[in-house]
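Input: a single structure, listed below in structure tokens.
The values are calculated or read from the model by the stated rules, or taken from the named source; none is laboratory data. Since the structure is predicted, the reported quantities are computational estimates derived from the model, not experimental observations. Please note: Cβ atoms are built from the backbone with ideal geometry, for glycine as well, and neighbour counts cover all protein chains shown.
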Amino acid sequence: MITRLGLRARLVLPAWLFLFLGACGWRDFKSEEYQRYYPQASTTTSHKNTERRKILYWAKDPKAKERIGYLERYEVTLAGSRDAKDYYIIKDRHGLQELGYINDIGEFYRYEKNGTMTKIGEWQVIDLGIKIFFGKPVNHNVLFEDVDPYRD
């Protein structure tokens, strides 16, 4: 014999359960609809130059600045990745020969004459790493200045 309360519990409990489970989901949700809002993974490795700066050095007098090199920043997107990483190339004072590079986590590398790379160190502050890379004293000054295409 089913009591009135038992019958009501048997009817109401599944209805509440159905409503609860229905509220947890979204019946029109399809993950494919939102793929166009996210960047697709790169199929090839690509890079582009985003900025180029002169590296100026002076000891005590800022009027005695001398150019010791160039710092070029590239954005590199690896195949299979969605995120671009920063990559810096250090060039000589004429901007012709690559002396080394800085990867995305701040590791400085120098190219040797025999074609190998030597790790100089790891610094999060690029100013300090550049001073050590060029063999300048740490208490001297380094400035990064944008390259003016009409003047330089």
Please go through region 132-143 and pick out each residue that is without any contact (Cβ under 8 Å) to a residue 60 or more places away in the chain and outside any loop (DSSP other than H, G, I, E, B). 132, 133
Does residue 104 satisfy the condition of being closer than 21 Å to residue 49 by Cα and within 15 Å of the chain's Cα centre (by Cα)? yes
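Table: residues versus (1) modelled with pLDDT of 90 or more; (2) among the hydroxyl-bearing types (Ser, Thr, Tyr); (3) in contact with a Gly (Cβ under 6 Å, 6 or more places away or on another chain).
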position	(1), (2), (3)
28	no, no, no
37	no, yes, no
53	yes, no, no
73	yes, no, no
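Condition (residue is in contact (Cβ under 8 Å) with a residue 60 or more places away in the chain and in contact with a strand residue (DSSP E or B) (Cβ under 7 Å, 6 or more places away or on another chain)) applied to region 71-91: is it met by at least one residue?
yes
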Mind counting the residues in region 49-74 that are within 16 Å of residue 151 (Cα to Cα) and within 21 Å of the chain's Cα centre (by Cα)? 3
